[in-house]
Amino acid sequence: MLRLNCFFQANEGKYDEALQAAIALTAASLKDEGNIAYDTFESATRPDVFMICETWQDEASLKKHMAADHFKLYVGQLEKLGTLKLEQFTFA
């Protein structure tokens, strides 16, 4: 299995718009084949930060997800609204 933690810091004044894109991405991605979990969490200490946590069955499922139209649309929006940092982990 693969786990991705995507940390997002919004540009000034763009948090609400970015969070709505993340919520839409989460809703669409939960339907993707091979998805085990997909959640968006808001920071309790930093008002401009949220995190998307994803768990995928395998690399093939993740690649298919990253090629999906909804991924390209919403990640493209997020990239314009702030800064993304991605961490990836593999586990059994």
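Readers should treat all values here as calculations from the given coordinates under stated rules, not as data from a laboratory. Being a predicted model, the structure only gives us computed values, none of them experimental. Because the Cβ atoms are built from the backbone with ideal geometry, glycine has one as well, and the counts that use them run over all protein chains shown.
Residue separation of A92 and L4 scaled by 0.36 nm, minus their Cα-Cα distance, works out to 30.3 nm of gained length. Charged side chains reduced to their Cβ positions (Lys and Arg at +1, Asp and Glu at -1) give the chain a dipole of some 120 debye around its Cα centre. The lysine pair count for region 2-90, using Cα distances under 24 Å and pairs eight or more places apart or on different chains, is 15. Candidates L62, F50, A10 compared by Cα position along the dipole of region 2-90: farthest toward the positive end lies L62, with charges placed on Cβ. Only one of the listed values, [x] 22, 14, 10; [y] 29, 11, 10; [z] 41, 20, 8, was derived from the coordinates as semi-axes √(5λ) of the Cα gyration tensor in Å; which label is it? After the calculation, the listed value that fits is [x].
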